[in-house]
There are 2 protein chains.
Amino acid sequence: MIDKVYGGIETGGTKCVCAIGTTPDDLIKTQFATLAPDESIEKAIDFFKSNSRQRPLTAIGIASFGPLDLDRTSATYGYITTTPKHSWSNVNIVQKIRNQLNIPVSVDTDVNGAALGEQVWGAARGLNTFIYLTVGTGIGGGGMVNGGLMHGLLHPEMGHIRIPHDWKMDPYRGCCPFHGDCLEGLASGKAMELRWGQSPEKLPPDHPAWELEVSYLALAVNNFICTISPQRIIIGGGLMKNPGLIAAVRRKAADVLNGYIRTEAIMKDMDCYIVAPALGDLAGVIGALELAKRTNQGIGSSSKA
Amino acid sequence: MIDKVYGGIETGGTKCVCAIGTTPDDLIKTQFATLAPDESIEKAIDFFKSNSRQRPLTAIGIASFGPLDLDRTSATYGYITTTPKHSWSNVNIVQKIRNQLNIPVSVDTDVNGAALGEQVWGAARGLNTFIYLTVGTGIGGGGMVNGGLMHGLLHPEMGHIRIPHDWKMDPYRGCCPFHGDCLEGLASGKAMELRWGQSPEKLPPDHPAWELEVSYLALAVNNFICTISPQRIIIGGGLMKNPGLIAAVRRKAADVLNGYIRTEAIMKDMDCYIVAPALGDLAGVIGALELAKRTNQGIGSSSKA
């Protein structure tokens, strides 16, 4: 029996990744800069059409930045809603793709997609409660609790929690158009670039930017641990490629927790508790592919209770 | 067929509530101040023994303050671990009760217990993802995600998230022995009492204490919404009995969210989104009774993945 072939799209703040295949070892991929919605979607459709002639696609999964309407009973299901990302507000990404390809299309957040990818093939295998954070141009978080992807009312928007902001140490007011100095407003790649006047990858390792970044991420990790009690925290995204950053976040998060959560994972095994994605940059698109599989198998990934 | 009779204990920071019965409409109850562990447990045992002669108990559920070890494979399962509550650290509450009554005993956090009570009989009926916060002597939170009580690595400790602390407005350093100015350290009843030098119930409605309290609770609600995306937030606990407090938290939380989470529940229906427990002060003990039922029915409430 020939395995069914699926398509996955990860639409990120700066780039879109598309893949066709069956498993992480059997993928045709492409990626391009995220442009205006119609332009980006057209590029994705072209890729899927020209690479599925031999092996037709069964379904498409989309792992997208949000906020998204994931309520299948809603008139705006599949829409990107209030994103700060120029021109992507109120875009019906699901319908645009379904209209072109005429196969089932499902959508979830980029971070829930990446979480699913990591749970099936990567760093969260065997876990039922974990989170996946991305720290790049923006900050987002998703994951699974009790074995299901996190949805609830809508979906998590972990980048928009409020954390302590020491105005004396860091007079930068934050860049979130909705909240100013929320986590994303203070610690995203965009915030770093605006605060320091240069892109984060150009900041030297001894620049004070990194200590500040570590302290914000550690406060966020503390909050997510205290709120969800995840069995593991996976942190991906462009900024986390900075050498030593994840190790510094582990140490600082342990300081912030200060011995209150007395579990072996946190007290002794932090290296295995806060980890990089095993699938690297492909977590999102592989997760999108798994979303497509689930749609086809009738496992609702985005339906509400 | 005669319904099986269960026992429930809620051990809180200031009082313990015990109940025997089958449903919220069929309960014998007692309550007493939380004393040293052995004394409190003895009072509970006396109550259960003297009220179960006609109708023997099938199982006992405990909804307790934490942190608790809820890992059934752990050598310290059923222990209260690092609590700041004097003399309750490293107390094996499950074993102490089981040794006396010789029936199955299960335990979960007070807030998970209350959440379960509210889901079966109260304000969370029909929901699969919601949180239950208690704001009293301390602050705690639990709930359900995807239809299961929140456990993960351990259990949530929502009182210990960090929130912005405006030192100019509020020079009080916070009272948490582990974290200083975490949410519990700034906004618990204990923090209010220490900051203002009098117990919160004596503070008049126009005292600045209340505006500060509302702002801290609204920041916390923002963080829990952004992290978990609950379908509803139930807030109980002694402090919330202050007239007008929950309404003020609703308004302020909407301000903090600032229109980012565009759902009807938050944009239009905040009165039904942030609510008081329908079971009032009995949420915890009724939830403890439900924990006992689940143990007996073999539904693990505290087992790990």
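Among the GluC sites (Glu not before Pro) in the stretch A:4-91, none is located in a DSSP loop while being surrounded by at most 14 other Cβ atoms within 10 Å of its own Cβ. Look at the dipole of chain A built from charges on Cβ: of A:His155, A:Leu101, A:Ala248, the Cα furthest out on the positive end belongs to A:Leu101. Rg ratio for the stretch B:133-189: its Cα radius of gyration over 2.2 N^0.38 Å, N being its residue count, equals 1.28.
Evaluating kT/(6 pi eta Rh) at 20 °C and 1.002 mPa s, with the Kirkwood radius of chain A over Cα pairs in the Stokes-Einstein relation, gives 109 µm² s⁻¹. Across the alpha-carbon atoms of the stretch A:22-113, the computed radius of gyration and Dmax are 13.4, 39 angstrom.
Between the helical axis of A:110-121 and the dominant principal axis of chain A, each derived from Cα atoms, what acute angle in degrees is found, rounded to the nearest 10? Computed tilt is about 80 degrees. What residues have an amide H closer than 5 Å to that of A:Gly12, excluding those fewer than 5 places away on the same chain, when H is modeled at 1.01 Å from N in the peptide plane? The answer is A:Val17. Each of the peptides B:202-213, B:149-160 was scored by the mean count of other Cβ atoms within 10 Å over its residues; in descending order, highest first, they stand as B:149-160, B:202-213.
Counting only C-alpha contacts under 8 Å and six or more residues apart, can you give the relative contact order of chain B as a whole percent?
Reported relative contact order: 24 percent.
For the segment A:216-228, counting C-beta atoms of other chains within 10 Å of every residue's C-beta and taking the mean gives 6.
A straight Cα-to-Cα reach below 25 Å connects B:Lys49 with the lysines B:Lys4, B:Lys15, B:Lys29, B:Lys96, B:Lys293, residues fewer than 8 places away in its own chain not being considered. Other protein chain C-beta atoms within 10 Å of residue C-beta, averaged over B:68-75: 1. All C-alpha to C-alpha distances of the protein assembly as shown, sorted into 20 Å bins beginning at zero, yield P(r) values of 21, 52, 24, 3 percent in whole numbers.
With the cut-off at 26 Å, report for the stretch A:20-173 the share of all Cα pairs above it, as a whole percent.
Roughly 34 percent, once rounded to a whole number.
Close amide H pairs (under 5 Å, H built 1.01 Å from N) link A:Thr109 with A:Ser64, residues at least 5 positions away or on another chain.
For the pair the stretch A:104-180 / the stretch A:226-305, the C-alpha centres are spaced 9 Å from each other.
Read the figures in this text as sums done on the coordinates, not as results from a lab. As the structure is a computational prediction, the values presented were derived from the model and not from experiment. When we count neighbours, we look across all protein chains shown, and the Cβ atoms used for this are built from the backbone with ideal geometry, even at glycine.
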